[in-house]
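Q: Quick one: the structure is below, questions incoming.
The values are calculated or read from the model by the stated rules, or taken from the named source; none is laboratory data. Fair warning: this is a prediction, and the values are worked out from it, not measured in the lab. Counting neighbours? That spans all protein chains shown, and the Cβs are built from the backbone with ideal geometry, glycine included.
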Amino acid sequence: MSSQRRPLTSRWLDLLYFIYFTTHIPATLLVDTNGLFSKLFDKPPYVLTAAADYYIETYNDPLFVDNKKTWFSALSYTELLIQTPFFFYAAIGLWKDSPSIRLPFVVYSTHVVTATGLCIAEFIFGTHENGVSDQQRMSLILFYLPYLIVPAICLVDSFMKLRKSEAVLLEKKDE
């Protein structure tokens with residue numbers, strides 16, 4: 001591995017991850033964790049509710065409309081309190097081409113693939129009181145799919161990079 005920093009634009013998968021993490025910050029704060037803000041404020045500021053209201057009206061997402069699911073509330077708190085700070089850490093690590101981000105990427109990606117898989121399974125197999133249509137279900141699945149695919153790619157990519165680093169270290173140790 002080279003100790004010289006490679007530009008982000010020369011690392012297309014890292015660029016994809018960088019875009020994923022930096023765009024995930026506003027999505028998390030303005031849409032994904034909006035239900036938490038209504039629990040914290042009597043009347044949440046408009047800036048915190050406008051994007052979520054639009055999303056709910058447009059997609060009729062049963063996870064947001066019928067937000068009585070404890071597991072989804074737990075995921076929302078995890079996203080706000082753990083993942084949001086991690087998005088900044090990940091973006092900075094990618095920008096700096098830091099090899100130390102790979103193990104945290106494996107941990108993050110494993111969690112997110114599992115969590116997003118649960119959300120997609122809920123759309124496919126769940127029964128919903130809000131009357132979500134088949135077209136809305138398909139839109140939701142397609143909307144959530146990148147949040148499953150990108151972390152899955154990141155998981156495999158980061159795991160392979162860790163294995164390669166491990167092999168190099170073991171080779172040096174044997175010399």
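Q: Looking only at the stretch 8-24, how many residues end up being of a type in the set (Val, Ile, Thr) and at pLDDT below 95?
A: Counting residues in the stretch 8-24 that are of a type in the set (Val, Ile, Thr) and at pLDDT below 95 gives 1.
Q: Grab the helices (runs of 4 or more DSSP H) fully contained in the stretch 87-175, keeping just those with 2 or more residues being among the β-branched types (Val, Ile, Thr).
A: So the answer is 102-125, 146-174.
Q: Of all the helices (runs of 4 or more DSSP H) wholly in the stretch 1-59, which have at least 3 residues that are farther than 28 Å from GLN135 by Cβ and among the aromatic types (Phe, Trp, Tyr)?
A: 12-27
Q: Test of understanding: among VAL112, VAL168, VAL150, VAL107, which residue is surrounded by fewer than 16 Cβ atoms within 10 Å (Cβ to Cβ), out of contact with any strand residue (DSSP E or B) (no Cβ under 6 Å at 6 or more places or on another chain), under 17 Å from TYR20 (Cα atoms) and of a type in the set (Val, Ile, Thr)?
A: Every option except VAL107 fails the conditions.
Q: Which one of these is over 20 Å from the mean Cα position of the chain (by Cα) and within 22 Å of HIS111 (Cβ to Cβ): LYS172, LYS161?
A: Result: LYS161 is the single residue among LYS172, LYS161 that is over 20 Å from the mean Cα position of the chain (by Cα) and within 22 Å of HIS111 (Cβ to Cβ).
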